[in-house]
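The values are calculated or read from the model by the stated rules, or taken from the named source; none is laboratory data. Predicted model, so just to flag it, every value in this text is computed and none were measured. Cβ: placed from backbone, ideal geometry, glycine included. Neighbour counts: every protein chain shown. Only protein heavy atoms, including side chains, enter the accessible area calculation; ligands, DNA and RNA are left aside. Shrake-Rupley method; radii C 1.70, N 1.55, O 1.52, S 1.80 Å.
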Amino acid sequence: MTTRVRRAAAYAVVSTLALAAPTLGWATAAAFGAVAVGALSVTDGPVFEWFARPADRQEGRLHGLAAFGFAASGIGLLSVFANLPDHVFVASVLVVGYGNLAQQVAWTFDAEPILRTGAFVAGGIVAAVAGQALALTVVGTPVTPALPQIVFLASSGALLAGLLRSVLFARDDPLVMLSVAFLLWLFADLAVVVTVEGVAVALAVSALFGYVSWALDAASIPGMMTGALLAMLTIVLGGYGWFAVLIAFFGIGSLSTKFRYEEKEARGVAEENEGARGSGNVLGNAAVALVAVLAYAARSKFGIGGDVFLFAFAGSIATAMSDTLSSEIGGVFDNPRLITTFERVEPGTDGAVTWQGELAGATGATVVALITALLFGSVDAVGALVVAAAGVSGMTIDSLLGATLEGDALSNQGVNFLATLSGALVGAGLAVVVLP
């Protein structure tokens with residue numbers, strides 16, 4: 001057993017304490033707190049050797065274990081005093097503990113980074129499903145009717161944890177654990193109606209989507225994980241039609257990134273990493289769409305019709321598609337002009353546009369509008385025009401923000417986020433005003 005595997009196994013054993021939550025309640029949080037406090041007093045010996053990470057050895061203290069224990073204790077207190085469900089507490093801790101163990105085992109076989117990440121997600125899902133089932137059984141709740149939600153929560157938590165672990169370090173496990181807990185708490189509160197088959201299909205499609213995007217160099221591993229998480233949540237919370245709109249953007253957008261890439265690289269306007277998109281880029285373009293899907297799933301709590309959120313979703317995706325095509329295709333043409341003054345500027349200048357790029361962007365928004373109209377019976381010809389108008393509006397706002405605020409006050413991801421938000425608001429607003 002390697003040092004990595006031994007250490008991960010030790011953390012997994014500690015995470016298993018979470019299974020006591022349904023019977024011991026606050027005492028479970030106290031137990032994790034005791035582990036954290038005790039870890040700070042250990043400076044050598046067998047326990048130190050089992051749990052010490054490289055940074056712990058340099059500092060002479062088990063700070064990693066202490067942070068792990070304090071984070072688990074905090075989530076346990078939320079389950080006692082803030083009504084966080086016990087099975088969510090169990091899933092959040094086990095996802096990290098056993099996901100890490102599966103990842104380290106895969107590492108011993110010299111697995112590729114994508115396989116190690118896949119092992120983390122698979123190990124986390126299995127542990128979280130088993131842990132939740134046991135937690136519900138202990139309190140007398142039938143597991144079979146709750147199985148679809150159990151699998152959905154486990155899958156969502158494992159994908160989020162895998163995403164965060166792909167961009168953070170092992171010492172950041174407490175942040176990962178807390179993030180998973182809050183996400184699963186939200187989903188548990190939404191009481192989303194799901195089926196095992198639906199979750200299984202969503203997982204399979206998401207895994208395939210993520211792997212293909214990575215294999216084709218369309219996304220880095222963090223970008224792949226972000227896309228896979230977005231894909232699964234879109235399928236489960238929205239449906240296959242929502243996913244089709246999302247996948248159209250990712251597919252066409254990725255192809256446009258590769259369009260005459262060497263020429264764009266020579267001009268200095270190409271995406272970095274040979275066009276492979278990272279998590280920041282994916283989230284900048286799709287975070288608003290994800291919020292729209294979540295709002296759609298919780299529409300009964302708002303008392304608002306689902307079509308409003310559908311148009312917000314489609315408007316944000318139309319904006320992302322429009323902006324991507326405008327930048328990627330317009331970037332190969334000469335004589336760009338600044339959108340605010342129309343003066344000629346160098347290619348790659350923030351806020352610069354070409355007529356060819358604007359035409360490509362409008363075409364991209366129209367494609368999203370047509371796909372939405374074909375897949376959703378509630379979107380007629382006028383609805384399609386609303387989606388297209390939202391996309392073009394968002395693209396224009398993206399250029400205006402690029403010319404005025406990007407670089408000084410906003411990053412590229414920030415501009416993308418605000419542009420897609422504006423597209424969503426225009427789409428939803430026009431849907432309320434124009435449509436019956």
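Residues in the stretch 417-430 that are open to solvent by 10 Å² or more (accessible area, probe 1.4 Å) and in contact (Cβ under 8 Å) with a residue 24 or more places away in the chain: 417, 421, 422, 425, 426, 428, 430.
Can you confirm whether residue 368 is surrounded by 17 or more Cβ atoms within 10 Å (Cβ to Cβ), in contact with a Phe, Trp or Tyr (Cβ under 9 Å, 6 or more places away or on another chain) and farther than 19 Å from residue 258 by Cα? Judged against the criteria, residue 368 is a match.
For the stretch 64-88, the set of residues classified as of a type outside the set (A, V, I, L, M) and open to solvent by less than 80 Å² (accessible area, probe 1.4 Å) consists of 64, 68, 69, 73, 74, 76, 79, 85, 86, 87, listed by residue number.
Which one of 387, 382 is surrounded by fewer than 17 Cβ atoms within 10 Å (Cβ to Cβ), in contact (Cβ under 8 Å) with a residue 24 or more places away in the chain and in a helix (DSSP H, G or I)?
382
Candidates in the stretch 390-402 are the residues that are crowded, with 19+ Cβ neighbours inside 10 Å and hydrophobic (A, V, I, L, M, F, W, C); of these, the one that is modelled with the lowest pLDDT is 401. In the stretch 274-281 there is no residue matching the filter, namely being open to solvent by 30 Å² or more (accessible area, probe 1.4 Å), at pLDDT below 80 and either in contact with a Cys (Cβ under 8 Å, 6 or more places away or on another chain) or hydrophobic (A, V, I, L, M, F, W, C) (or both). Determine if the stretch 283-303 includes at least one residue that is modelled with pLDDT under 75, surrounded by fewer than 24 Cβ atoms within 10 Å (Cβ to Cβ) and closer than 20 Å to residue 413 by Cβ. Yes, the stretch 283-303 contains a residue that is modelled with pLDDT under 75, surrounded by fewer than 24 Cβ atoms within 10 Å (Cβ to Cβ) and closer than 20 Å to residue 413 by Cβ.
Restricting attention to the stretch 314-333, and to residues there that are open to solvent by 30 Å² or more (accessible area, probe 1.4 Å) and either more than 19 Å from residue 418 (Cα to Cα) or basic (Lys, Arg) (or both), which single residue is modelled with the highest pLDDT? Walk me through it before giving the result.
First, the residues of the stretch 314-333 that are open to solvent by 30 Å² or more (accessible area, probe 1.4 Å): 327, 329, 333.
If we keep only those that are either more than 19 Å from residue 418 (Cα to Cα) or basic (Lys, Arg) (or both) as well, we get 329, 333.
Values: 329: 84, 333: 74.
Ranking the qualifying residues of the stretch 314-333, first place goes to 329.
Considered as a group, the residues in the stretch 142-199 that are farther than 17 Å from residue 227 by Cα and among the aromatic types (Phe, Trp, Tyr) include one that is modelled with the lowest pLDDT, and that residue is 169. Being touching a residue at least 24 places away in the same chain (Cβ under 8 Å) and within 30 Å of residue 57 (Cβ to Cβ) holds for only one residue in 134, 186, 163, 147, and it is 163. Out of the residues in the stretch 161-179 that are within 11 Å of the chain's Cα centre (by Cα) and buried (at least 24 other Cβ atoms within 10 Å of the Cβ), state the one that is nearest to residue 77 (Cα to Cα). Within the stretch 161-179, the match that is nearest to residue 77 (Cα to Cα) is 161.
Selection over the stretch 87-117 of residues that are out of contact with any Leu (no Cβ under 7 Å at 6 or more places or on another chain), in a helix (DSSP H, G or I) and either modelled with pLDDT of 95 or more or under 19 Å from residue 7 (Cα atoms) (or both) gives a count of 18.
The residues of the stretch 334-359 that are surrounded by fewer than 16 Cβ atoms within 10 Å (Cβ to Cβ) and either touching a Phe, Trp or Tyr at 6+ places or on another chain (Cβ under 6 Å) or under 18 Å from residue 319 (Cβ atoms) (or both) amount to a single one, 359.
In this structure, residue 208 does not qualify as modelled with pLDDT of 80 or more and closer than 20 Å to residue 149 by Cβ. Only a single item in (1) aromatic (Phe, Trp, Tyr); (2) buried (at least 18 other Cβ atoms within 10 Å of the Cβ); (3) more than 18 Å from residue 91 (Cβ to Cβ) is not met by residue 32, and it is number (3). Here residue 49 clears all of (1) part of a loop (DSSP other than H, G, I, E, B); (2) open to solvent by 40 Å² or more (accessible area, probe 1.4 Å) except the condition numbered (1). Looking at the stretch 147-154, is at least one residue surrounded by 20 or more Cβ atoms within 10 Å (Cβ to Cβ) and among the aromatic types (Phe, Trp, Tyr)? Yes, the conditions are met somewhere in the stretch 147-154.
Going by the conditions given, is residue 93 out of contact with any Ser or Thr (no Cβ under 6 Å at 6 or more places or on another chain), in contact (Cβ under 8 Å) with a residue 12 or more places away in the chain, β-branched (Val, Ile, Thr) and farther than 22 Å from residue 211 by Cβ? Step through it out loud before you land on a result.
On the way: out of contact with any Ser or Thr (no Cβ under 6 Å at 6 or more places or on another chain): no; in contact (Cβ under 8 Å) with a residue 12 or more places away in the chain: yes; β-branched (Val, Ile, Thr): yes; farther than 22 Å from residue 211 by Cβ: yes.
No: the conditions fail for residue 93.
Taking residues in the stretch 311-329 that are closer than 14 Å to residue 429 by Cβ, and partners anywhere that are polar (S, T, N, Q) and open to solvent by 10 Å² or more (accessible area, probe 1.4 Å), not one pair has Cβ atoms closer than 7 Å while being at least 6 places apart or on different chains. Screening the candidates 20, 9, 55, 36 for the property of being more than 30 Å from residue 108 (Cα to Cα) and part of a helix (DSSP H, G or I) yields one hit, 20.
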